[in-house]
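A short worksheet on the structure shown next.
The values are calculated or read from the model by the stated rules, or taken from the named source; none is laboratory data. Because the structure is predicted, anything quoted here is derived from the model rather than measured. FYI the Cβ positions are ideal-geometry reconstructions off the backbone, even for glycines, and counts take in every protein chain you see.
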Amino acid sequence: MPDIQDITILLVEDDPGHTRLIEKNLRRANIKNELAFATNGQEALDYLFCEGGYAKNKHASHLLVLLDLNMPVLDGYQVLERMKKDERTKRIPVVILTTTDDPREVRRCYELGCNVYISKPVDYEQFCEAIRRLGLFLLVATIPDGDGG
Amino acid sequence: MAQSKSIAQGIDITERKLAEKALLREKHFFNTVMNSSPGLLFVFDDKGNTIQWNRNVEKVTGYSAKEIAKMNVLDFVAKEDQKAAAEAIQEVLIKGQSLLEINVLSKQGKKTPFYITGLRTKFEKTTCVICTGIDITERKRAEHQLRKRMKELRAFYSLAEITEREDSTLDKLYQEFANILPQSWQYPEIACARIMIGDSEFCTENFAESPWKQSAPVKVYGLVVGRIEVGYLEERPEEDEGPFLKEERLLIDTLAERLGHITERKRAEEALRESEERYRTILETMQDGYLEVDLAGNFTFVNDAESINLGYSKEELIGMNNRQYTDETTAKKLHEVFIEVYKTGEPVKVLDVKVNRKDGTKGVNEISVSLIRDSEGKPIGFRGISRDITERRQMEEALRKSEELFRSVAQTATEGIINIDSDGNVVFWNKAAEMIFGYSTDEMVGQSLALVMPERFREAHQQGMRRVASTGESRVVGTTVEVAGLAKDGHEFPAELSLATWKTVEGVFFTGIVRDITERKRAAELLQRYSAELERSNEEVKNFAYIVSHDLRVPLVNLKGYTSELRSALGVIGSNFDAALPHLNDEKRSAVAMALHEDVPEALEFITNSVSRMDSFINSILILARLGRQDLKPEPIDMNALLQTTVETMSHQLQERGIEVIVGSLPHVVADRTAMEQIMGNILSNAVKYLDSSRPGRIEVTAQANGAETTFRIGDNGRGIAAEDMGKVFAPFRRAGKQDTPGEGMGLAYVQTLLRRHGGRISCESELGKGTTFTFTISTRPEKGARDA
């Protein structure tokens, strides 16, 4: 059972502003975990499978993915689908963090195997609150053993 | 009488001798008288014992006087007559006299017919009968001959009578004749007869084959065609020919001969009648008129058709001259024709005989005239066969006009008009066809239509033609089909062909109307492409709205987030600003304070508000996009219940403002429940929103189911909408008229989208200051998978 502090959070987000806001608010919520960043789906998969630009990496043993949906190259659905199909990554918790709150997209993500779906509120106070709660949630979450990928 | 007196006188004589002498003389006289009688004369007593007789009695009977004296009178009577004789004797004894005919039987057995008279008398106190007898052999023979002759005559008479009967057919005649034949034979009661002609037999009812028969052959024109038979059913004494008399032989031969002649005559009559009947039938049923005129040209005979043709009755026509029913020119022409026919003896056909009918109408006839000769070959008149060709002439004229019309129509038509015969060869090719295919009429007439078809269709065309020829059925006749045409320059083009077929005496023809539909096809294809493009772009717009509303949120999050971050950063700066104040002069301090406390917060405020509005717009567009995409779940909805719920949710507002909502009887519909709630909710809240505060609000909801559709009307007595604003009513983000309540102007846009999804439509009628009525229609049974907005 990994210590929650040992978990690396991979934030997959194409908009750098959002990345910063999420990071800021996670830190404010007292999340001290190591953060990794990917700006599109392909980068995220490369990171997860240690391929492409991350070929030489040996990434953290325990991961949690914060995943946006609308992204260039590969979108969030594709990333989620690949992760859940692959033996190495299917146990990694995935939190969808996106601007979309369309019920059909929510359903689709859960069908593809996401663990949590969080809409990014446009209202900043609500946004901050959502991220804060996500942080609180992460603090108490238990994550399965990583298999080292 | 004289004798009986003299006998009586003799008794009173007293003078014996004288008396004896006188008696002797008397006896002698008496005997002389008796014997001189040419017939029989005899006397017998009441027992029949002979008393006195003359010599003729001995001569006729062949008995001697001694024998006779011992005999009874009945002994001389033939056995068959004895009964009658005995009765006659009794009659004489009672009544005094009698007479009868009997056969007298001689000692040798010979019978001789006698006419006997008897008279009762008294002789020496004894009652006696005096008889006289006259030999009637000759008379009997004559009578027999007469009877025979009568029988023969009757046979001939009957035959003649039967023959003369009008309705009598030969078969009837044979049968009746067979029936009367036996009567003419000696023993009619046991006679039977049979007439055999060809395979037919005509028998008397009692006919049976008999060994006692005679027959005679029946000849017609010298050929034996049958025979007459007469037979006896019982044996009879032998005569000249078996039991038959030689007269009967003669009779049967004669009858057979006569029957032969009658058969000949009857057959000839029948043949004549049949022939006459045939000609009469022909004359009466023929459509053509038949007429006979004498040499002067006067009718002597006309048939029905001729009578109808001229409009006069037959009676009126007989004796009428041709000048009376034709004009002068025609009469002259006919006269010339009669002369020519009279001279040459050859028939002549006269065309265009103009006739004036009794009713004043005019007609045209065609007459064939030939000569009638009598049995000696002398011309006695003319006969003619006439035909009314008035209609034909009219039809020819009509046909000519019709053809002219067809040609002018066909030649000016913009469609190609092509006629082909049953072999598929072109017989007509109009100008438009020339334009369409590039072949001239001269080039095409007589050519196979296959010439203007692309090679790959020719075989199917030939097969189709063969099928029509053999079955009379065609898949394309009567329909319009799309085909490919091949023009003279080799280019292929799409064409539309309508095919009709018509029959004439020359066979089946087809008329095809051809249109070059290249342009139409192109237009149709273009339309289809546009339509597909439109659909695609419509889909893109929907996706666009959806995507944009999402993607637009991303920068909004940043704008909002960083404005907020900026504001808190500004707070940090502001709270630390006082520490920096001593380092600034007044002017700078004031400028910084201005920026810090007024300009920046004000700018941030504008940014924040704008972002909020932008967010609000995006949310609205998002809703609209979702309404256009979401799945509808049609279900039966009780609209009364739905309206009640909707009104209840607004009840606070309605009560507060004193608004009356009247809901009529609403039908059930099949629709998506949420959508119907939104539709009704939006329209009602709109009505409430735009009521006129100067009068009590009144909203009325009614509906009418009309077959496949249900129409709802929601009317209010609110402010109404100005005519120039009507266009904005259903547009997104547009609000019409004076606004005093918050809203984005999206309500009716949503309603319209939802209704379109249901295959419905909405319209609005309004008068400023009076009120507004929204009318929307949805199909009672929405088509499967309601149309996308």
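Quick rundown of the values:
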| quantity | calculated |
| --- | --- |
| Residue among B:LEU581, B:LEU604 that is more than 14 Å from every other protein chain (Cβ to nearest Cβ) and more than 29 Å from A:ARG104 (Cα to Cα) | B:LEU581 |
| Single unsatisfied condition, A:TYR124 versus (1) farther than 20 Å from B:LEU556 by Cα; (2) buried (at least 19 other Cβ atoms within 10 Å of the Cβ); (3) touching a helix residue (DSSP H, G or I) at 6+ places or on another chain (Cβ under 6 Å) | (1) |
| Single residue of B:ASN558, B:ASN609 found to be out of contact with any Ser or Thr (no Cβ under 6 Å at 6 or more places or on another chain), closer than 18 Å to A:GLN126 by Cβ, in a helix (DSSP H, G or I) and away from every other protein chain (no Cβ under 12 Å) | B:ASN609 |
| Counted residues, region B:64-91 - those being in contact with a Lys or Arg (Cβ under 7 Å, 6 or more places away or on another chain) and buried (at least 21 other Cβ atoms within 10 Å of the Cβ) | 0 |
| Criterion: more than 14 Å from chain B (Cβ to nearest Cβ), at pLDDT 85 or above and under 22 Å from A:LEU139 (Cα atoms) - qualifying residue of A:LEU80, A:LEU67 | A:LEU67 |
| Scope region B:183-211; condition touching a Pro at 6+ places or on another chain (Cβ under 7 Å) and surrounded by fewer than 19 Cβ atoms within 10 Å (Cβ to Cβ); matching residues | B:PRO188 |
| Qualifying residue in region B:215-229 (condition: over 19 Å from B:ILE162 (Cβ atoms), more than 60 Å from the chain's Cα centre (by Cα), surrounded by 12 or more Cβ atoms within 10 Å (Cβ to Cβ) and in the same structural domain as B:ALA155 (by TED's automatic domain parsing)) | no |
| Lone unmet requirement of (1) touching a His at 6+ places or on another chain (Cβ under 7 Å); (2) more than 14 Å from chain B (Cβ to nearest Cβ) for A:ASP46 | (1) |
| Any chance B:LEU526 is modelled with pLDDT under 85 and aliphatic (A, V, I, L, M) | no |
| Selection from region A:73-95 of residues that are part of a loop (DSSP other than H, G, I, E, B) and over 14 Å from B:HIS550 (Cβ atoms) | A:VAL73, A:LEU74, A:ASP86, A:GLU87, A:ARG88, A:THR89, A:LYS90, A:ARG91, A:ILE92, A:PRO93 |
| Answer from A:THR98, A:THR142 - the residue that is more than 14 Å from every other protein chain (Cβ to nearest Cβ) and either farther than 21 Å from B:ILE547 by Cβ or in contact with a strand residue (DSSP E or B) (Cβ under 9 Å, 6 or more places away or on another chain) (or both) | A:THR142 |
| Selection within region B:96-112 - free of Cβ contacts under 8 Å to residues at least 60 places away in the same chain, touching a strand residue (DSSP E or B) at 6+ places or on another chain (Cβ under 8 Å) and within 17 Å of B:PHE42 (Cβ to Cβ) | B:GLN97, B:SER98, B:LEU99, B:LEU100, B:GLU101, B:ILE102, B:ASN103, B:LEU105, B:SER106, B:THR112 |
| Breaking point among (1) surrounded by 18 or more Cβ atoms within 10 Å (Cβ to Cβ); (2) within 12 Å of another protein chain (Cβ to nearest Cβ); (3) in contact with an Asp or Glu (Cβ under 9 Å, 6 or more places away or on another chain), for B:ARG515 | (2) |
| Single match in B:LEU642, B:LEU627 (criterion: of a type outside the set (Lys, Arg) and more than 14 Å from chain A (Cβ to nearest Cβ)) | B:LEU642 |
| Candidate set: region B:670-694, residues that are farther than 13 Å from B:LEU754 by Cβ and among the hydrophobic types (A, V, I, L, M, F, W, C); chosen: the one nearest to the chain's Cα centre (by Cα) | B:VAL670 |
| Restricting region B:373-405 to residues that are more than 34 Å from the chain's Cα centre (by Cα) and closer than 25 Å to B:GLY311 by Cβ, the residue that is surrounded by the most Cβ atoms within 10 Å (Cβ to Cβ) | B:GLY384 |
| Qualifying residue in region B:314-324 (condition: assigned by TED's automatic domain parsing to the domain that holds B:ARG357 and in contact (Cβ under 8 Å) with a residue 40 or more places away in the chain) | yes |
| Residue identified as polar (S, T, N, Q) and more than 52 Å from the chain's Cα centre (by Cα) among B:THR204, B:THR163, B:THR169, B:THR121 | B:THR121 |
| Positions within region B:21-48 being under 17 Å from B:VAL104 (Cα atoms) and either touching a strand residue (DSSP E or B) at 6+ places or on another chain (Cβ under 6 Å) or among the aliphatic types (A, V, I, L, M) (or both), in sequence order | B:GLY39, B:LEU40, B:LEU41, B:PHE42, B:VAL43, B:PHE44, B:GLY48 |
| Top-ranked residue in region B:474-501 [being of a type in the set (D, E, K, R) and not in a loop (DSSP other than H, G, I, E, B); ranked as surrounded by the most Cβ atoms within 10 Å (Cβ to Cβ)] | B:GLU496 |
| Residues that are surrounded by 22 or more Cβ atoms within 10 Å (Cβ to Cβ), more than 9 Å from every other protein chain (Cβ to nearest Cβ) and in a helix (DSSP H, G or I), drawn from region A:7-28 | A:ILE22 |
| Test result for B:ARG536, away from chain A (no Cβ under 14 Å), out of contact with any His (no Cβ under 7 Å at 6 or more places or on another chain) and within 30 Å of B:PRO732 (Cα to Cα) | yes |
| Residue within region B:561-570 that is away from chain A (no Cβ under 14 Å) and either surrounded by 13 or more Cβ atoms within 10 Å (Cβ to Cβ) or modelled with pLDDT of 85 or more (or both) present | yes |
| Answer from B:ALA703, B:ALA671, B:ALA687 - the residue that is under 25 Å from B:LYS542 (Cβ atoms) and either of a type in the set (S, T, N, Q) or crowded, with 17+ Cβ neighbours inside 10 Å (or both) | B:ALA671 |
| Pairs with Cβ under 6 Å, 6+ apart, first in region B:151-169 and outside the structural domain of B:GLU257 (by TED's automatic domain parsing), second at pLDDT below 80 | none |
| A:GLN78 vs. criteria crowded, with 17+ Cβ neighbours inside 10 Å and polar (S, T, N, Q) | yes |
| Cβ-Cβ under 6 Å pairs, at least 6 apart or on other chains, region B:456-485 side touching a residue at least 40 places away in the same chain (Cβ under 8 Å), far side surrounded by 13 or more Cβ atoms within 10 Å (Cβ to Cβ) | B:MET465/B:GLY424; B:VAL468/B:SER474; B:ALA469/B:SER422; B:GLY485/B:VAL452; B:GLY485/B:PHE493; B:GLY485/B:ALA495 |
| Region B:292-312 - residue that is in a helix (DSSP H, G or I) and of a type in the set (D, E, K, R) and, of those, farthest from B:ARG323 (Cα to Cα) | B:ASP304 |
